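Below is one structure, written out as structure tokens; the observations come after it.
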Amino acid sequence: MLMENALVTKARSIYGKLLKDEDFNQLIKKRTVGEVAAYLRAHPFYFEAFSGVSDQNINRKRLEEIIRKYHFTQTLKLIKFAANKNKPFYEINVIEKEHQIIMSMLKSYISDDKYDVINDLPIFFDRYSKLDLYEISKTKNIKELVVALKGTVYEKIMNPYVNVTNDQIHFNQFEMLLEQRYNEYVSIQIKKFFKGKVEKDLLNILNTRTELNNVVKVYRLKKFYHTSDDEIKSILVNKYNPIKESKLNALLNVETPEDLLKNVLKNRYENLASVDKNYIENYMDSISYQLAKKTLLYSQKAPLVYMSYLTISDVEIDNLIHIIEGIRYGVPESEIREIIII
């Protein structure tokens, strides 16, 4: 109990040091990646992240790498306070990052751009993951990736697609497979280590994440890729992502962002964030962020606070990446402001 109380206290302490609205307002006004780096270097939370890093070596990729790695080290600090009996639950962040590695490799196959998986990973990641990062980094297609994943759960997941060529890769299909794997892993860990209200609340967080992701996915597939309803159903429905027929039909009938509020989400989330017709993903992420912040600030249960902290950390990382890339590619300040969550 003392360890769990310490985790709650530590999570709130880290949250209190994260960037505030005013920090993001200032960062949006920066004109170069170097200016963003200088601002973060001077910020109390990120000061340690830049220790030993020369200003001359800072470019967009390097800065994003520093941010991602530093947030992972903060997560490791929280895991140290987790009780040994339920440590596997607290490794869900590692599982998610493993999925990001595989998806990034698939993107590199599709675009024929080499992805430096090792340099892009947080420090000490290999201590927590069973993936052979060196072998993965050398792969150029799914067939080689399956070999590099030998002995891991991902070998079984990817093996049916071993003969899929790079120009035949359907990104959404693999995204679904890994989301299913994540939901399966987290569900199993929750039910194994927690009971009663804590179990129920943790599963509710997971189900809410799945629901919001589904809304974004359906909207994106219908609007931008004109995917058929049958194909969308095959992507959405599985053992760890059950959807009632009425809810699925409502999702499939979505035509505009306003439909998300009126016909799908109804009164569940509309008081948590304002919808922008151009950025559905941003709206859903805003909902997740507000729910996570409420849980982190008011719950006394370490696993709930931990899951909420992961969401908040991801939002801060995404905000900074949006700002850095927006500046790098000359996106107007007003447009950057629309896609960050504050």
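Every number here is computed from the coordinates shown, using simple stated rules; none is lab data. Keep in mind that what you see is a predicted model, and the values were worked out from it rather than measured. Quick reminder, even Gly has a Cβ in these numbers, built from the backbone with ideal geometry, and neighbours come from all protein chains shown.
In sequence order, region 332-342 has phi-based couplings of x, 3, 4, 6, 4, 4, 5, 9, 8, 10, 9 Hz under the Karplus curve 6.51 cos²θ - 1.76 cosθ + 1.60, θ = phi - 60°, and Gly or Pro positions carry x.
Given the choices (i) 19.8, 65; (ii) 20.2, 56; (iii) 22.8, 78, Rg and Dmax of the Cα atoms in Å derived from the coordinates of this structure is entry (ii). Residues with amide H under 5 Å of Lys140's amide H, sequence separation 5 or more or different chain, H placed in the peptide plane at 1.01 Å from N; which? Long-range HN contacts for Lys140: Leu145. Going by neighbour counts of Cβ atoms within 10 Å, the residues Arg209, Arg220 line up, fewest first, as Arg220, Arg209. For region 88-182, the Cβ-based charge dipole about the Cα centre amounts to some 240 debye (Lys, Arg positive; Asp, Glu negative; other atoms uncharged). In terms of surrounding Cβ atoms within a 10 Å radius of their Cβ, Glu98, Glu316, Glu48, Glu338 rank from fewest to most as Glu48, Glu338, Glu316, Glu98. Computed from phi, the 3J(HN,Hα) profile of region 292-300 under the Karplus parametrisation 6.51, -1.76, 1.60 (θ = phi - 60°) reads 5, 4, 4, 5, 4, 7, 10, 7, 9 Hz, with x in place of Gly and Pro. When the charge dipole of the chain is built from unit charges on Cβ atoms (+1 for Lys and Arg, -1 for Asp and Glu) and taken about the Cα centre, the candidate among Leu202, Val153, Asn214 whose Cα reaches farthest toward its positive end is Leu202. Per-residue ellipticity at 222 nm computed for the chain from its helices equals -20500 deg cm²/dmol, with DSSP H segments shorter than 4 residues left out and the rest contributing -39,500 (n - 2.57).
Please name which of Phe50, Leu76, Val331 has its Cα lying farthest along the dipole of the chain towards the positive end, using unit charges on Cβ (Lys, Arg +1; Asp, Glu -1) and the Cα centre as origin. Towards the positive end, the residue furthest out is Leu76. Considering only Tyr46, Tyr134, Tyr269, the Gaussian network model of the chain with Cα springs below 10 Å gives its largest mean-square fluctuation to Tyr134. Counted by neighbouring Cβ atoms within 10 Å, the residues Tyr154, Tyr298 run from fewest to most as Tyr298, Tyr154.
Working note: Karplus 6.51/-1.76/1.60 with θ = phi - 60° gives region 308-317 the couplings 5, 4, 4, 5, 5, 4, 4, 5, 5, 4 Hz, where Gly and Pro are set to x. Note on the chain: with charges restricted to the Cβ of Lys and Arg (+1) and Asp and Glu (-1), its dipole about the Cα centre is near 1200 debye. Looking at the chain as a GNM with Cα springs under 10 Å, which of Gly326, Gly52, Gly151 has the largest mean-square fluctuation? Maximum among the listed residues: Gly52.
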